[in-house]
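Inspection log for the structure reproduced underneath, given as structure tokens.
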Amino acid sequence: MAELADFAECVRTGRAPSVTGQDARAALSVALAAIESVTTGGPVRVGGIAA
């Protein structure tokens, strides 16, 4: 909920968001690695999967 409020504030004020696209790509990389780990049953290096 805080993320949505911050986004709305950025839209209203023109301020740049504190979370960047690079932050989003890093989170996606972690999520994809977790999915791969569950699928294979083994460890997966974060960032080892193209996002």
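Per-structure values
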| quantity | calculated |
| --- | --- |
| Hits in the stretch 3-31 (condition: farther than 30 Å from residue 45 by Cα and of a type outside the set (D, E, K, R)) | 4, 5, 7, 8, 10, 11, 13, 14, 16 |
| Members of the stretch 1-33 found to be among the aliphatic types (A, V, I, L, M) and under 13 Å from the mean Cα position of the chain (by Cα), listed by number | 19, 24, 26, 27, 28, 30, 31, 32, 33 |
| Hey, residue 41 in contact with a helix residue (DSSP H, G or I) (Cβ under 6 Å, 6 or more places away or on another chain) and at positive phi or not | no |
| Filtered residue count, the stretch 37-47, keeping only those that are within 16 Å of the chain's Cα centre (by Cα) and open to solvent by less than 80 Å² (accessible area, probe 1.4 Å) | 1 |
| Residue tally, condition hydroxyl-bearing (Ser, Thr, Tyr) and modelled with pLDDT of 95 or more, over the stretch 1-36 | 1 |
| Matching residues, the stretch 1-46, being assigned to a loop (DSSP other than H, G, I, E, B) and β-branched (Val, Ile, Thr) | 19, 20, 44, 46 |
| Failed criterion for residue 50 (all others in (1) among the small types (Gly, Ala, Ser); (2) at pLDDT below 95; (3) open to solvent by less than 70 Å² (accessible area, probe 1.4 Å) hold) | (3) |
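The values are calculated or read from the model by the stated rules, or taken from the named source; none is laboratory data. Quick caveat: nothing in here was measured; it's all calculated off a predicted structure. Cβ: placed from backbone, ideal geometry, glycine included. Neighbour counts: every protein chain shown. Just the protein is used for accessible areas: all its heavy atoms, side chains included, with ligands, DNA and RNA removed. Shrake-Rupley method; radii C 1.70, N 1.55, O 1.52, S 1.80 Å.
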